[in-house]
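Encoded as structure tokens, the structure appears first; notes follow it.
The values are calculated or read from the model by the stated rules, or taken from the named source; none is laboratory data. Just so it is clear, the structure is predicted and the values come from calculations on it, not from any experiment. Positions of Cβ are backbone-derived with ideal geometry, glycine not excepted, and every protein chain shown enters the neighbour counts. Side chains included, ligands, DNA and RNA excluded: accessible areas come from the protein's heavy atoms. Shrake-Rupley method; radii C 1.70, N 1.55, O 1.52, S 1.80 Å.
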Amino acid sequence: MLERAARLLASSRSAIAFTGAGISAESGVPTFRDRDGLWKNYKAEELATSEAFRKNPKLVWDFYRWRMRLILKARPNPAHYALAELERLGLLKAVITQNVDDLHREAGSRNVIELHGNIFRVRCTSCSYRENLKESDTLEEFLSMEGLPKCPECGSLLRPDVVWFGEPLPREALERAFELAERADLVLVIGTSGVVYPAAYIPYIVKENGGKVVEINVERSGITPIADVFIRGKAGEVLPRIVELVKEVVV
Ligand code: OAD
Ligand code: ZN
């Protein structure tokens with residue numbers, strides 16, 4: 001299976017990766033639907049909808065600030081680095097991720113498309129104000145703040161710049177992702193349960209346009225029925241081995 005995946009990748013011309021929470025699991029970031037996943041211990045509808053935010057912004061902000069702290073402690077794992085290396089080798093056009101943790105970029109991936117936003121960005125609920133807390137050096141202050149964060153431009157409440165249930169995905173990111181998927185001859189599907197749409201259309205679009213679907217997951221997912229190659233295993237163990245094999249074929 002590993003050899004087959006490596007051969008397909010080595011002979012591809014427009015491969016992309018589609019990733020979910022499972023790729024960051026080995027970095028210590030909790031997933032959503034696994035045994036210890038966030039949505040097993042918390043109710044998504046009370047924490048990750050715009051309605052929940054209207055009703056109880058404090059609860060929602062406490063949840064997001066807790067996740068920010070958790071993610072801040074996390075470092076990319078060998079799976080993130082393997083994807084960055086594939087891009088450097090010219091074998092991966094882009095990483096399309098549902099994750100908000102920024103770990104792909106930290107690992108060195110350049111063309112990262114974030115379909116569900118980024119946990120370190122905030123935006124105003126009224127005006128067009130946006131800020132990346134990691135870039136503006138205000139993160140520590142933000143995390144230790146007592147009250148609710150307000151917009152420096154208009155004073156309205158700030159919210160996390162992430163996609164909540166029932167909300168549309170960022171249009172430009174989704175369009176770029178769909179375009180890449182239409183043109184891709186291979187998609188590496190890594191660590192996603194493949195049940196949240198429209199993101200989960202990505203592998204289907206690749207398949208419909210004649211591309212191969214190579215999946216890496218510790219268990220079967222919503223995408224497995226259309227996978228040409230399914231590799232059962234941890235992303236941080238499987239991906240570096242694939243990269244090694246690919247290098248033998250390519251070099
Ligand atoms: P899920 O929690 O639904 O799925 C995680 C997947 O990762 C599962 O299929 C696991 O089997 C797999 N997995 C766990 N550990 C792994 C490892 N070490 N190596 C490989 N695979 C592993 O997370 P997502 O599919 O990302 O949306 O969830 C999709 C969306 O639902 C998220 O982006 C989030 C959530 O609600 C929003 O917040 C909008
Ligand atoms: Zn504002």
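Quick check: with the 1.4 Å probe, what order do ASP137, ASP36 take by accessible area, largest first?
ASP137, ASP36
Rounded, prolate or oblate: which one fits segment 112-161, using the alpha carbon gyration tensor with axes a ≥ b ≥ c (rounded when a/c is under 1.5, else prolate when a/b beats b/c, else oblate)?
Oblate.
For the pair LEU72 and LEU89, how long in nm is the line joining their label points, each one 7 Å along Cα→Cβ?
3.6
In 5 Å bins starting at 0, how do the alpha-carbon pair distances of segment 114-251 split up by percent?
Pairs per bin, as whole percents: 2, 9, 14, 15, 14, 13, 11, 10, 8, 4, 1, 0.
Counting other Cβ atoms within 10 Å, keep those with at most 13, restrict to DSSP loop, and tell me which GluC sites (Glu not before Pro) in segment 106-203 are left.
Passing sites in segment 106-203 are GLU135, GLU146, GLU153.
Return the Cα extents of segment 71-178 along principal axes one, two and three, sorted largest first, each rounded to a whole Å.
So the extents along the principal axes, rounded to whole Å, are 46, 30, 22.
Estimate the FRET efficiency between ARG130 and LYS40 by the formula 1/(1 + (r/R0)^6), using the beta-carbon distance for r and 35 Å for R0, to the nearest 0.05.
0.65
Can you give the % of DSSP beta bridges in segment 132-251 that are antiparallel, to the nearest 5?
Expressed as a percentage, antiparallel bridges in segment 132-251 total about 10.
So if we plug the beta-carbon distance of ASP62 and VAL195 into 1/(1 + (r/R0)^6) with R0 = 30 Å, what FRET efficiency do we get, rounded to 0.05?
Efficiency computed from Cβ-Cβ geometry: 0.65.
Rg and Dmax in Å for the chain, alpha carbons only: what are they?
18.4, 57
Expected output is a single nm value to one decimal: the length gained when fully extending between ARG4 and SER50, i.e. 0.36 nm times separation in residues minus the C-alpha distance. What is it?
12.2 nm
Over all directions, the average projected area of the alpha-carbon convex hull for segment 4-127 comes to how many nm²?
Directional mean of the projected Cα hull area for segment 4-127 stands at 9.1 nm².
Once the Cβ-Cβ distance between VAL218 and LYS247 is put in as r, and R0 is 30 Å, what FRET efficiency do you end up with, to the nearest 0.05?
That pair, VAL218 with LYS247, gives E of 0.75.
ASP228 versus GLU153, label points 7 Å from Cα toward the beta carbon: distance in nm?
4.5
Decide, for segment 211-251, between rounded, prolate and oblate: order the square roots of the alpha carbon gyration tensor eigenvalues as a ≥ b ≥ c, take rounded if a/c falls under 1.5, and otherwise choose prolate if a/b is larger than b/c, else oblate.
oblate
Quick one: angle between helix 171-183 and the longest Cα principal axis of the chain, in degrees between 0 and 90, rounded to 10, please.
So the inclination is approximately 0 degrees.
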